[in-house]
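Notes to accompany the following structure.
The values are calculated or read from the model by the stated rules, or taken from the named source; none is laboratory data. Just so it is clear, the structure is predicted and the values come from calculations on it, not from any experiment. Glycine also receives a Cβ, built like all others from the backbone with ideal geometry; neighbour counts cover every protein chain displayed.
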Amino acid sequence: MAYQDHIIEMGQLIKSKKGPWDGINAESVARMRLQNRFKTGLEIAKYTADIMRKDMAAYDADPANYTQSLGCWHGFIAQQKLISIKKHFGTTKRRYIYLSGWMVAALRSEFGPLPDQSMHEKTSVPALIEEIYTFLKQADARELGLLFRDLDAARAAGDKAKEQQIQDKIDNFETHVVPIIADIDAGFGNAEATYLLAKKMIEAGACALQIENQVSDEKQCGHQDGKVTVPHEDFLAKIRALRYAFLEMGVDNGIIVARTDSLGAGLTKQIAVSHQPGDIGDQYNSFLDCEEIAPADMKNGDVVLNRNGKLLRPKRLPSNLFQFREGTGADRCVLDCITSLQNGADLLWIETEKPHIEQIASMVDRIREVIPNAKLAYNNSPSFNWTLNFRQQVYDAWQKAGKDVSAYNREGLMSVDYDATELAAEADDRIRTFQRDAAKRAGIFHHLITLPTYHTAALSTDNLAKEYFGEQGMLGYVAGVQRKEIRQGIACVKHQNMSGSDIGDDHKEYFAGEAALKAGGAHNTMNQFA
């Protein structure tokens, strides 16, 4: 509904009360309505699910239309990211937010910093989703509030052209609310627990849920050792639980991201149930590391498989876990991905140990032989040493092509001594185009960085502490932070405005008229940043 239509509708409603509501200003109500477009998290989930579905279709038509996100651990971080995106690019199109379980564990748990092992409170995830959208809605209210003030100024100046220009901006306002892909880990329990948590996350506004095929109570970070996967039927039950949750909550377009950790997971806790040769349970068990035995070799507690008349005993570790054969990770990933897509998942996530396009593509090519439109969300992880990995990739490519690499030590390529070399320049160029190239070659629809703002917070704090507590003193803050905020047009330099002070002043004026005691007067020090 257009701005003027809101005013007309509210004016008619106020008039219909025949007096008691005459103290209510129709235009003020219209402004408040536009500043609070989304009333519930479910409205957000439905709205953002539709965005993701359209973006997925656009990617299928042209892989240049890939999407991106950065992981955020606080609503303010997410808000500033979206404000920055709108400032620099004019639109939030194809930019999302990733909610990392790793960062929730490390930064949001009441237990204090925890490893990524599903030990944090499960309710902290939906709480963060709600917090992020609260901050994004506040960004909408702030930006629209500034437009309303500009509109009032144009009216006061009698500038009709400017007034119409600003009203057009109001009518075509693009919200800061974008899709969140939220990490539900391995579901925090059985399928019922997964379903219950999923409902809370959807109710908070999540339109996309990412779930992994690890054992819930043995869950590890995807880039650490000791990962244990579950049989496919266990994982598919949780995928179905997510779909039931989406459908129950009325978010029919909800997106499920099925993550496989099988590439780096060499262990399983269970032998899969198999009813006949070649079924999904039998395929899972076929990757187990087994030894052939005779009936007399069987011991109490042994688990034995009968394969083509042979007795096979899976190797059991002291941890009571079973191990897979080495070198089967990629095959297991492909099977995981195909079965997930065939049973309700929408996107895939293959956790890898390095950022290598051909490694990813080699698996995606096999998946697409069965499901042609299969596509991935990919973790551009800070756990990778991007500089070293890509310098080594260039080194290997040069060596294979017969180019002289004698000036380089492959294992020492991270050294600053190589920073100005031709090899380093080519590696950086490959890093720069990695997302675009991987979207085209390896089927990656969504590129995300899980933990970027964890690292930027640490880096910026280190730089400030070094200067402020050192010789620079206050200049360390002024030159390193505030002056840069001013020069770069960072909205947060006016922190009172960013926190909602001007929105509060507007409300005071709506409620109390000329009697309103407002904070934004002549003595507000934020005027120094006008």
Inset, instruction - Would you point out the residue of the stretch 425-446, among those that are surrounded by 20 or more Cβ atoms within 10 Å (Cβ to Cβ) and touching a helix residue (DSSP H, G or I) at 6+ places or on another chain (Cβ under 6 Å), that is nearest to Leu413 (Cα to Cα)? - result: Ala427
Inset, instruction - Evaluate the stretch 302-322: report whether one residue or more is aromatic (Phe, Trp, Tyr) and part of a loop (DSSP other than H, G, I, E, B). - result: no
Inset, instruction - Can you give me the ranges of the helices (runs of 4 or more DSSP H) entirely in the stretch 449-527 with at least 3 residues that are under 30 Å from Ile180 (Cα atoms) and among the acidic types (Asp, Glu)? - result: none
Inset, instruction - Might you check whether a residue that is basic (Lys, Arg), farther than 15 Å from Ala377 by Cα and at pLDDT 90 or above occurs anywhere in the stretch 289-308? - result: no
Legend entry - Scan of the stretch 108-129 for residues that are in a loop (DSSP other than H, G, I, E, B) and either of a type in the set (Val, Ile, Thr) or in contact (Cβ under 8 Å) with a residue 60 or more places away in the chain (or both), ordered by number: Pro115, Asp116, Gln117, Ser118, Lys122, Thr123
Legend entry - Residue that is surrounded by the most Cβ atoms within 10 Å (Cβ to Cβ) [pool: residues in the stretch 190-221 that are outside any strand (DSSP E or B) and among the charged types (D, E, K, R)]: Lys219
Legend entry - Pick from the stretch 484-530, criterion closer than 23 Å to Glu27 by Cβ and among the aliphatic types (A, V, I, L, M), ranking: modelled with the highest pLDDT: Ile503
Inset, instruction - Sort out which residues of the stretch 154-189 are farther than 26 Å from Met1 by Cα, at pLDDT 95 or above and surrounded by fewer than 23 Cβ atoms within 10 Å (Cβ to Cβ), and write them in order of number. - result: Ala157
Inset, instruction - Take Ser406 and decide whether it is part of a loop (DSSP other than H, G, I, E, B) and within 26 Å of Gly254 (Cα to Cα). - result: no
Inset, instruction - For residues that are part of a helix (DSSP H, G or I) and without any contact (Cβ under 8 Å) to a residue 60 or more places away in the chain, scanning just the stretch 56-80, find the one that is surrounded by the fewest Cβ atoms within 10 Å (Cβ to Cβ). - result: Ala61
Legend entry - Evaluation of Ala45 against (1) in contact (Cβ under 8 Å) with a residue 40 or more places away in the chain; (2) touching an Asp or Glu at 6+ places or on another chain (Cβ under 7 Å); (3) in a helix (DSSP H, G or I) (one fails), failing number: (2)
